[in-house]
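Engineer: Can you keep this structure in mind? I'll have questions shortly.
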Ligand SMILES: *Cc1c(COP(=O)(O)O)cnc(C)c1O
C-alpha cells in the first residue's frame, strides 16, 4: 500500500500492473485477481472495493511475455508500477523462469514504470537478500513483511534513494501510522534478523532439499509431487513440468489435497489447510522432527491408497 503510494507519487501516474494469482496484501487496489485467502475462489475480488479503484489495477498472467508486452504497449505510459512476487507463493509456489522476471523488469523500465518486488514472503527467506539477491535483478522498490517482524505485525518497504527521499518528512508522500515503528515489533524483528544473519540459510535450504526429495518419493502413489525453493515447498499434482501460472493448475486440486490434509492432521502433522498454500521449513524443524513427519506421511499415503 505504501510502496504503491511512493510509486504513484514519484511517477505522477495512477495505474498499476499486477499478475494474476499474486497476492500483495489487503489494500483495495491489490485485491484484484489475488491469491492467498482468495485463491481458488471463483469471485476473486473482495466486496467493498470501489470499481473506480479496481479499474486502476491492470492484470496480466505470470509466465507470459506476450501478454505482458501487449499490456505495456497499450497502457505503459499510464502505469506507475509493475508489482510482482518474484517468488509467487500465494497460489501454490509458481516458480518463474529467470528470463521472464528479467523481461518484467527491463520492459517496465522502457515505459517509465517502476518495478516493485513484493518480497513479503521471500524477503530474508529465499536468501538473506531475498529474490533480489537470488535473481540478480534490481527492482526500484521492495516490500517486506512476515519474517522481518519475527511474528509480530510489521511491514516495510525499501527502494532507490531518490524514491525514498520522496517519503515524508523529506518528501511529499505521506508515511505514518499508529503502529509504525512499534518498538516491540522492531525489537522482535531485529532479533530475528540477527539470528538469520548467522548463515542459517544454507542449513535450511539443504534440510528442505532433503525433506522435499524424500517427500516427493513418498507422495508418488497419490500422483502428487513437491516443488521447492530455498526453505519453501509446495505439494501439487504430478505434471510434465512444475506449474508457473494459474493456467498450469489442474482442476480438482483442492479436493485431492483435502484427503491428504485430514489424514495427516489425524496423525498430528499439520500442513497448510489449503491446496494453494505453501509450506515453510523453519529452524524448529530439526531432522528428527522432519523424519517423524515423513514417517507419518508415508503411513497416511498407504492408508489413502
Ligand atoms: C502476506 C503478504 C502480504 C501482506 O499482506 P497483509 O496481510 O495485507 O499485510 C503482501 N504480499 C505478500 C506476497 C504476502 O504473502
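The values are calculated or read from the model by the stated rules, or taken from the named source; none is laboratory data. Keep in mind that this is a model prediction, so the values were computed, not measured. Please note: Cβ atoms are built from the backbone with ideal geometry, for glycine as well, and neighbour counts cover all protein chains shown.
Engineer: Pick from 160, 172, 187: which is away from the ligand (no atom under 16 Å from the Cβ) and in contact (Cβ under 8 Å) with a residue 24 or more places away in the chain?
Structural biologist: Going through 160, 172, 187 in turn, the sole match is 172.
Engineer: While we're on this one: Using beta carbons and a limit of 8 Å, which pairs, at least six apart or on different chains, have the first residue in segment 1-19 and without any contact (Cβ under 8 Å) to a residue 24 or more places away in the chain and the second one within 14 Å of the ligand (Cβ to nearest atom)?
Structural biologist: Nothing qualifies.
Engineer: Residues of segment 272-287 being under 20 Å from residue 242 (Cα atoms) and free of Cβ contacts under 8 Å to residues at least 60 places away in the same chain, which ones?
Structural biologist: Within segment 272-287, 272, 279 meet the criteria.
Engineer: Restricting attention to segment 154-205, report how many residues are surrounded by 14 or more Cβ atoms within 10 Å (Cβ to Cβ) and in a helix (DSSP H, G or I).
Structural biologist: So the count comes out to 13.
Engineer: Looking at 150, 130, which one is modelled with pLDDT of 95 or more and either within 15 Å of the ligand (Cβ to nearest atom) or more than 14 Å from the chain's Cα centre (by Cα) (or both)? Working first, answer last.
Structural biologist: Details: 150 fails: modelled with pLDDT of 95 or more.
Among 150, 130, only 130 is modelled with pLDDT of 95 or more and either within 15 Å of the ligand (Cβ to nearest atom) or more than 14 Å from the chain's Cα centre (by Cα) (or both).
Engineer: Next question. Need pairs with beta-carbon distance below 9 Å; first residue under 15 Å from residue 23 (Cβ atoms) and within segment 34-60, second assigned to a strand (DSSP E or B) and modelled with pLDDT of 85 or more; sequence gap 6+ or separate chains.
Structural biologist: Taking only residues 6 or more apart or on different chains, the pairs are 34/18; 57/15; 57/16; 57/17; 57/18; 59/17; 59/18; 59/19.
Engineer: Select from segment 155-179 the residues that are under 24 Å from the mean Cα position of the chain (by Cα) and under 19 Å from residue 119 (Cα atoms) and list them in ascending order.
Structural biologist: 155, 156, 157, 158, 159, 160, 163, 164
Engineer: Determine, yes or no, whether residue 119 is at pLDDT 95 or above, under 17 Å from the mean Cα position of the chain (by Cα), under 24 Å from residue 200 (Cβ atoms) and more than 11 Å from the ligand (Cβ to nearest atom). So that I can check it myself, show each step before the final result.
Structural biologist: Working: at pLDDT 95 or above: yes; under 17 Å from the mean Cα position of the chain (by Cα): yes; under 24 Å from residue 200 (Cβ atoms): yes; more than 11 Å from the ligand (Cβ to nearest atom): no.
In short, no.
Engineer: Something else now. Which residue, of 69, 141, 137, is in contact (Cβ under 8 Å) with a residue 24 or more places away in the chain, surrounded by fewer than 17 Cβ atoms within 10 Å (Cβ to Cβ) and more than 15 Å from the chain's Cα centre (by Cα)?
Structural biologist: 69
Residues are listed down the side, and each one gets a yes or a no for (1) crowded, with 18+ Cβ neighbours inside 10 Å; (2) modelled with pLDDT of 95 or more:
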residue	(1), (2)
221	no, yes
229	yes, yes
234	yes, yes
239	no, no
248	no, yes
265	no, yes
